[in-house]
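Novice: Below: one structure in structure tokens.
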Amino acid sequence: MKIICVGRNYTKHIDELQNEKPTEPVLFCKPDSAVLPKNHPFYIPEFSDEIHYEVEILVKINRLGKHIDTSFANRYYNEIGLGIDFTARDLQDKLKDKGLPWEKAKAFDNSAVISKFVPVEQYKNINNIHFSLYKNDILVQEATTSQMLWKIDELIAYISTFMTLKIGDIIFTGTPAGVGKVNINDKLTGKLENKTMFEVNVK
Ligand code: ZN
């Protein structure tokens, strides 16, 4: 199983990090060792003083595919979820400055929170799903999938031109504005529409 993440997929988040708006999706991967086991707390790693939360819509691939056409992409998933792409922002900023790959800042152990998954049929329009993240019960991030620069089906088509998508692969589709630092004893709660999808305690 692999995790493919999309960077810079929401305009307001691009602006808050003062990044350039990309002309094609930005992709990176997390290994399977990055998955935070269910119901485990997230321990802030020693190598960073600035771990950020990034809430993201997840798509679980249920069919093998490569060179998938956008118009057929909806046949390659039937469940979505919600996750956090934990990011060591201090490290990432240094790596970005040097033009180096982001793995150390993005692919570390437990950096991928993955919720339970729900059937897409539950939603009228996959491109208009509201999601949000609360830190200590205060809303910090919210958006709808309509605000994505590249929609889910376009992302699947794009990713599959480079990487074969396999059953069980998970796509992190990018984070909206409002990212920020986590501190010890924070509680992060992710919601898809009004449904709580995960709760993570930071230690
Ligand atoms: Zn992200």
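Novice: Only helical DSSP H runs with n ≥ 4 go in: add -39500 (n - 2.57) per run for the chain, normalise by residue count and round the 222 nm mean residue ellipticity to 500 deg cm²/dmol.
Specialist: So the calculated ellipticity at 222 nm is -3500 deg cm²/dmol.
Novice: Pick out, from 107, 162, 147, the residue whose Cα sits farthest towards the positive end of the charge dipole of region 100-194, with +1 on the Cβ of Lys and Arg and -1 on the Cβ of Asp and Glu.
Specialist: Working it through, the farthest residue towards the positive pole turns out to be 107.
Novice: Note down the magnitude of the dipole of the chain about its Cα centre, charges +1 on Lys and Arg C-beta and -1 on Asp and Glu C-beta and zero elsewhere, to the nearest 20 debye.
Specialist: The dipole of the chain has a size of about 420 debye.
Novice: May I ask you to evaluate 6.51 cos²θ - 1.76 cosθ + 1.60, the Karplus curve with θ = phi - 60°, for each residue of region 78-92 and list the ³J(HN,Hα) values in order in whole Hz, giving x for glycine and proline?
Specialist: Along region 78-92, the couplings run 9, 9, 10, x, 9, x, 10, 9, 5, 10, 7, 4, 4, 5, 4 Hz.
Novice: Using DSSP, restrict attention to beta bridges with both residues in the chain and report what percent are antiparallel, rounded to the nearest 5.
Specialist: About 90 percent, rounded to the nearest 5.
Novice: Could you point to the residue in 22, 41, 58 farthest towards the positive end of region 1-74's charge dipole, with +1 and -1 charges on the Cβ of Lys/Arg and Asp/Glu respectively?
Specialist: Most positive-ward Cα: 58.
Novice: Pairs 66/195; 12/203; 94/116; 151/195; 60/98; 94/124: which are spaced more than 31 Å apart, C-alpha to C-alpha?
Specialist: 66/195; 94/116; 60/98; 94/124
Novice: For region 64-134, just say rounded, prolate or oblate: build the C-alpha gyration tensor, square-root its eigenvalues into a ≥ b ≥ c, call rounded for a/c under 1.5, and beyond that prolate if a/b exceeds b/c, oblate if not.
Specialist: prolate
Novice: Measuring from label point to label point, each 7 Å out along Cα→Cβ, what is the residue 67 to residue 142 span in nm?
Specialist: Result: 4.4 nm between the two label points.
Novice: Note down the relative contact order for region 3-201 as a percent, whole number, built from C-alpha pairs under 8 angstrom at least six residues apart.
Specialist: Relative CO of region 3-201 lands at 34 percent.
Novice: I'd like the distance separating the alpha-carbon centroids of region 110-157 and region 37-58, in whole Å.
Specialist: Taking the Cα centre of region 37-58 as reference, the centre of region 110-157 is 18 Å away.
Novice: Count neighbours as other Cβ atoms within 10 Å of each site's Cβ, and list the chymotrypsin sites (Phe, Trp or Tyr not before Pro) in region 1-80 that are DSSP loop with at most 14 such neighbours.
Specialist: Those that pass, being in a loop and sparsely packed, are 43, 47.
FYI, it's all coordinate maths here, none of it is from the lab. Quick caveat, the model's predicted, so the values are computed rather than measured. Neighbour counts run over all protein chains shown; Cβ positions are idealised from the backbone, glycine included.
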